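A short worksheet on the structure shown next.
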Amino acid sequence: MCALTRSLTHGVDALRHASEHLDLGVADRAVQALLACSGRRYFTGIGKSGHAAARMASSLSSIGLAAHWVHGAEWSHGELGALGAGDLVFAVSHSGSTQELLWLADHLGARTGFLPVSLLSLTGDAASPLARRSHLALTSAVPPELEALGALPTSSLLAQHHVFNALLCECAARRELTAADVLRNHPGGAIGSSLRAAT
């Protein structure tokens, strides 16, 4: 099997595995937390998981739930001071051991006495240090044999997006968004074109 077809096959298998092993109870609570957030929603990560976190913030904003992306290294350079009561931080890390995010989790834990901030995480390992430090920990675990490039987490990155897509769709469904609502928040691209043509 060539690398191209192996990657396609492993990607589909990784999504199936993530779907079958996602804790739906934790996912439901994560959706509730995203919808009920009385402060600001922050998404954060480093590297490829950081890019996934940025896309998550952008997508959530597209359905009218304002969200911001902060690079994981910026928390220790002043961004921690932006957090206020009722805020929610959603940290994305394949390994769940990214040092910058563990620093953030530890500092959030130390400040909860006077600054209640919820920490949600999406990792590849439910027993990871980040997952253990989180109020809610989602897992998008992918078996190592499904990583088409070995140690490089290609399929795991797909699984992160897959799990978040499910959360996003559930948030939109619970908000009972109409096509007009989506068009207001996302007026461009193929979605906007098809909605304008239909009206």
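Could you work out which residue, out of Leu34, Leu60, Leu24, moves most in a Gaussian network model of the chain, that is, has the largest mean-square fluctuation with Cα springs under 10 Å?
Leu24
Just need the Rg to Rh number for the chain, please, alpha carbons only, Kirkwood Rh.
Here Rg/Rh amounts to 0.99.
Show the residues, 5+ positions off or on another chain, whose built amide H is closer than 5 Å to the amide H of Trp69.
So Trp69 has HN proximity to Phe43.
When only Cα pairs under 8 Å and 6 or more residues apart are kept, what is the percent relative contact order across the range 30-156?
21
Mind listing the phi-derived Karplus ³J(HN,Hα) values for the range 129-134, rounded to whole Hz, using 6.51, -1.76 and 1.60 with θ = phi - 60°, and x for any glycine or proline?
For the range 129-134, the Karplus curve yields x, 5, 4, 5, 8, 8 Hz.
Between Ala36, Ala67, Ala141, find the one with the highest GNM mean-square fluctuation for the chain; connect C-alpha pairs within less than 10 Å.
Ala36
Could you go through the range 92-109 in sequence order and give the Karplus-derived ³J(HN,Hα) for each residue, using 6.51 cos²θ - 1.76 cosθ + 1.60 with θ = phi - 60°, rounded to whole Hz, and x for Gly and Pro?
10, 8, 4, 7, x, 10, 4, 4, 5, 6, 5, 4, 4, 4, 5, 6, 5, x
FRET efficiency for Ala66 and Glu145, Cβ-Cβ distance as r, R0 = 30 Å, nearest 0.05?
According to the calculation, E is roughly 0.15.
For the range 19-93, what number results from the quotient of the Cα radius of gyration and 2.2 N^0.38 Å?
1.12
Subtracting the Cα-Cα distance from 0.36 nm times the residue separation, let me have the gained length for Arg132 to Arg6 in nm, one decimal.
Result: 42.0 nm gained on full extension.
Each value in this text was obtained by applying a stated rule to the coordinates, not by laboratory testing. Every value quoted in this text rests on a predicted model; they were computed, and no experiment measured them. Note: ideal-geometry Cβ built from the backbone for every residue, glycine included; neighbour counts use all protein chains shown.
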